[in-house]
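*Asks:* Quick one: the structure is below, questions incoming.
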Amino acid sequence: MQRALLADVQSFLRFYARFPIGDGAHAPLDFARMAPALPIAGALIGATGAASLFLARICHLPALVCALVAVAVLTLATGALHEDGLADVADGFGGGATGESKLAIMRDSRVGTYGALALCFSVLLRVAALASLFERSVALAAGALIFAGALSRVAGLAPMMRLPTARADGLGATVSAPSREFWTRAWLVAAGFGLAPWLGGAGLIQIAVAIFAAFVVAALITNLAKKQIGGYTGDVLGAAQQLAEIAILAALSAG
C-alpha cells in the first residue's frame, strides 16, 4: 500500500509540477482511486515555496520581496498550470455571451483583459497575505504554504464532484471523479497538514477558518461554473485551486 501511495504521489507531482521524477511519463490520473495522494503531492509543491522563503530570509530580503520570491517559485514549479486555468476561466466567464462562446474563449490560448486582471489580483493577494504571515514568523509563512498547497488542490476537485464535464473532450472528459469516501479521505489528509502552520504559531481557530474558507470558495466556483457553462473543465479545476489557495492564505493572515 505504501508503494502504491508513493507511486500515486509521484504521478500527481509529474502532472501538477515540473519536478524531474521517475521516467517523466505522465501516467493516467485515476482521481477515483488516487485522491488521498493529492494533498501529499500538493504539500510537497508548497514546500518548494516554503524553502524559498527560508533562503530569501537568509539573504535578509524584506518580507514583501520574500513573499514575491515564494510565489514566483511556486509558479515556476507548477509551470503556471493553475494560473492558466484561472485566466482562462476569467476570460471565458467574463467575455462570453453563451455557454458555447465561453468554452471557446476558454480554449483560446490568448489572455484577455479579464484573465490578465485575474492573474494580477491572484498574485497580489497571495503575496500580500504571505508577506503578512512572514512578518509574524518565517515558520508560519512556510507552514501556510505547505498547508495551502495540500488543501487547495483537494478543494480544486469540488467542481468534479458535483458537476458533469462541460466538454466531450479535454481533461474533464479523461478522468473520473473520486467517490465521496475517497474525497473525504483526501480532505482529512489535507486538514492534517494544518499541523504545519500550527507549529509556526497559527491558532486552531484560524486553521479551521482556513479549511472552511477553502470549502466555501470551492462551492462558489462550482456553482458559478454550473451557471456559466453547465459543467466543469480542467480550467475550472485550476481556477478553483487558485481561489482556494488565496482564501486559505488570507484566512491564516487575518488577526
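*Asks:* Scan the stretch 204-255 for residues that are free of Cβ contacts under 8 Å to residues at least 12 places away in the same chain and either open to solvent by less than 30 Å² (accessible area, probe 1.4 Å) or among the polar types (S, T, N, Q) (or both) and jot them down.
*Replies:* Correct list: Asn223 only.
*Asks:* While we're looking at this one, here's another question. Enumerate the helices (runs of 4 or more DSSP H) found wholly within the stretch 90-163, keeping only those where 3 or more residues are open to solvent by less than 10 Å² (accessible area, probe 1.4 Å) and either without any contact (Cβ under 8 Å) to a residue 12 or more places away in the chain or in contact with a Gly (Cβ under 9 Å, 6 or more places away or on another chain) (or both). Before the answer, list the steps.
*Replies:* Working: elements: 99-107, 113-136, 138-155, 158-162.
Per the criteria, 113-136, 138-155.
*Asks:* Now for a different question. Checking Val69 against (1) within 20 Å of the chain's Cα centre (by Cα); (2) modelled with pLDDT under 95; (3) open to solvent by 50 Å² or more (accessible area, probe 1.4 Å), which test does it fail?
*Replies:* Looking at each condition in turn, Val69 falls short on (2).
*Asks:* Further question on the same structure: It is to be established whether one or more residues within the stretch 113-132 are basic (Lys, Arg), modelled with pLDDT of 95 or more and farther than 14 Å from Gly238 by Cα. Outline the logic, then answer.
*Replies:* Within the stretch 113-132, the first condition is being basic (Lys, Arg), and the residues that meet it are 126.
Checking which are modelled with pLDDT of 95 or more leaves us with 126.
Retained after the next criterion (residues that are farther than 14 Å from Gly238 by Cα): 126.
Taking every residue of the stretch 113-132 in turn, at least one turns out to be basic (Lys, Arg), modelled with pLDDT of 95 or more and farther than 14 Å from Gly238 by Cα.
*Asks:* Right, Arg33: closer than 29 Å to Arg185 by Cβ, open to solvent by 50 Å² or more (accessible area, probe 1.4 Å) and either under 17 Å from the mean Cα position of the chain (by Cα) or modelled with pLDDT of 95 or more (or both) or not?
*Replies:* Details: closer than 29 Å to Arg185 by Cβ: yes; open to solvent by 50 Å² or more (accessible area, probe 1.4 Å): yes; either under 17 Å from the mean Cα position of the chain (by Cα) or modelled with pLDDT of 95 or more (or both): no.
Considered against the rule, which asks whether it is closer than 29 Å to Arg185 by Cβ, open to solvent by 50 Å² or more (accessible area, probe 1.4 Å) and either under 17 Å from the mean Cα position of the chain (by Cα) or modelled with pLDDT of 95 or more (or both), Arg33 comes out as no.
*Asks:* Run down Leu64, Leu44, Leu86, Leu53 and say which single residue is over 26 Å from Ala225 (Cβ atoms), open to solvent by less than 20 Å² (accessible area, probe 1.4 Å) and touching a residue at least 60 places away in the same chain (Cβ under 8 Å).
*Replies:* Values: Leu64 fails: open to solvent by less than 20 Å² (accessible area, probe 1.4 Å); Leu44 fails: open to solvent by less than 20 Å² (accessible area, probe 1.4 Å); Leu86 fails: over 26 Å from Ala225 (Cβ atoms).
Sole residue among the options that is over 26 Å from Ala225 (Cβ atoms), open to solvent by less than 20 Å² (accessible area, probe 1.4 Å) and touching a residue at least 60 places away in the same chain (Cβ under 8 Å): Leu53.
*Asks:* Restricting to the stretch 173-203, give me the number of residues that are assigned to a helix (DSSP H, G or I), small (Gly, Ala, Ser) and buried (at least 18 other Cβ atoms within 10 Å of the Cβ). If you could, list the steps in order and put the result at the bottom.
*Replies:* Pass one, the stretch 173-203, residues assigned to a helix (DSSP H, G or I): 173-174, 180-192, 195-199.
After this cut, where a residue has to be small (Gly, Ala, Ser) as well, the list is 173, 186, 190-192, 196.
Subsequent filtering for residues that are buried (at least 18 other Cβ atoms within 10 Å of the Cβ) retains 186, 190-191, 196.
The qualifying residues number 4.
The values are calculated or read from the model by the stated rules, or taken from the named source; none is laboratory data. Computed from a predicted structure; not experimentally measured. Neighbour counts are summed over all protein chains in view; Cβ atoms, including those assigned to glycine, are modelled from backbone coordinates with ideal geometry. These accessible areas exclude ligands, DNA and RNA; they are computed on the full protein's heavy atoms, side chains included. Shrake-Rupley method; radii C 1.70, N 1.55, O 1.52, S 1.80 Å.
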